[in-house]
1. Would you look at the GNM of the chain, springs on alpha carbons closer than 10 Å, and say which of T157, T195, T136 moves the most?
2. Could you tell me which Cys residues in the chain have no other cysteine's Cβ under 4.7 Å from their own Cβ, answering none if every one has a partner?
3. Cα to Cα, under 30 Å, and not fewer than 8 places away if on the same chain: which lysines meet these conditions relative to K66?
4. For the range 89-221, count the residues as N, evaluate 2.2 N^0.38 Å, and divide the Cα radius of gyration by that value, please.
5. In terms of the ratio Rg/(2.2 N^0.38 Å) built on C-alpha atoms, what value belongs to the range 205-304?
6. Dipole of the range 119-218, Cα-centred, from +1 at each Lys and Arg C-beta and -1 at each Asp and Glu C-beta, to the nearest 20 debye?
7. Identify which of V72, V202, V141 has the largest mean-square fluctuation in a Gaussian network model of the chain, with springs joining Cα atoms closer than 10 Å.
8. Tell me what the chain gives for mean residue ellipticity at 222 nm when only DSSP H runs of n ≥ 4 count, each as -39,500 (n - 2.57), the sum divided by the residue total, rounded to 500 deg cm²/dmol.
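Bear in mind these aren't lab numbers, they're just calculated from the coordinates by the rules spelled out. Note that the structure is a prediction, hence the values are computed from the model and not measured. Cβ placement follows ideal geometry from the backbone for every residue including glycine, while neighbour counts extend to all protein chains displayed.
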Amino acid sequence: MDTLFKNTLSRLVAHPIQWDCPLSGYTSFAIGGPAEALITVEDSRELQVLLSFFQESRLQWRVIGKGTNLLVPDSGFDGVIILLGEGFKGISLRDDQNGRSVSVRAGAGCRLTRISGWCIKRGLAGLEFACGIPGTVGGAVVMNAGAWGDELANILTAVTVMTAAGPEKIEREQMHFSYRCWQDHGGEGKGRIVTEVEMRLVLAKPDAVRRRCAELIQKRRERQPKGQPNAGSFFKNPQGDSAGRLIEKSGCKGMRIGGAMVSPVHANFFVNGGGATAAEVKELMKRVQERVWQDSGILLDPEVHFL
Ligand SMILES: Cc1cc2nc3c(=O)[nH]c(=O)nc-3n(C[C@H](O)[C@H](O)[C@H](O)COP(=O)(O)OP(=O)(O)OC[C@H]3O[C@@H](n4cnc5c(N)ncnc54)[C@H](O)[C@@H]3O)c2cc1C
């Protein structure tokens, strides 16, 4: 990007742009080289202006949430990383439906844990599965995030997305989801940016919702590695099986390449044991895939997205 281009880009947004910004600070793996530019976008109007500019200039871009399901290359990203700012973090109750359920609207930049806490206070049930999932609700739509047999697609009623052409509301019936995937999202980096999410939640007793969340958070604490950066489950579970079980069975628990390690606590978690590079994580992924393939004839499919 030359100076003229940088100046033009700076004039389009209110927030100062971070140039050559290391992305390791923006991913839960704590791995990743610099993005040419990192832009925090304040509101939908600003976002649309930016996307139009990117379309005209053919600049590469990607939106990230909390980077909790992301592996960023050591070479970084040759383009613009978009983060959703404060204007995308509101939560509101929309309407009361028959006194049994309500519609909750959340900005895509809102953390799932914050929405869960908000629901506990108001006695709204349905999102308990997401307690302890550390990403944003925008990322959760693209990932169809889920746990304990439940997933976001089950409570979603609509999303609003932004493209260079403007905002578009998509009803749940028009969306197709599969395990950890919004199928018609449009593709990473080329797709639409989720700006708002609507969910249907059920009225319940706040204490019951609180107890269920506490129970699920406790289960996570018992099963997941603590204190080592990671991106949650590295692979998707193959149908009817568990990636962690297959990895453990093939003897890969604790396997290490440089700073990247298969967690000794949960075999489907790859952890950054200190100074891991993306190349090491990818090499570890390849070795685990090979071992599981040889042992069980199953090719594990990564759940983690690659920038
Ligand atoms: C400790 C730990 C536990 C976890 N447990 C679970 C779990 O139980 N279940 C589960 O499903 N996941 C889990 N995850 C993974 C992760 O938290 C979820 O997938 C989460 O929904 C990702 O949200 P994010 O904001 O971090 O997305 P990111 O990692 O930032 O991005 C993920 C993908 O979504 C895209 N994206 C992000 N925001 C938007 C947006 N607004 N519009 C369009 N595209 C967007 C990105 O470009 C990228 O392709 C866990 C992760 C960790 C670290």
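1. T157
2. Cys with no partner Cβ under 4.7 Å: C21, C110, C119, C181, C252.
3. K6, K89, K121, K169, K190, K219, K226, K236, K253, K282, K286
4. 1.02
5. 1.19
6. 340 debye
7. Maximum among the listed residues: V202.
8. It comes out at -9000 deg cm²/dmol, rounded to the nearest 500.
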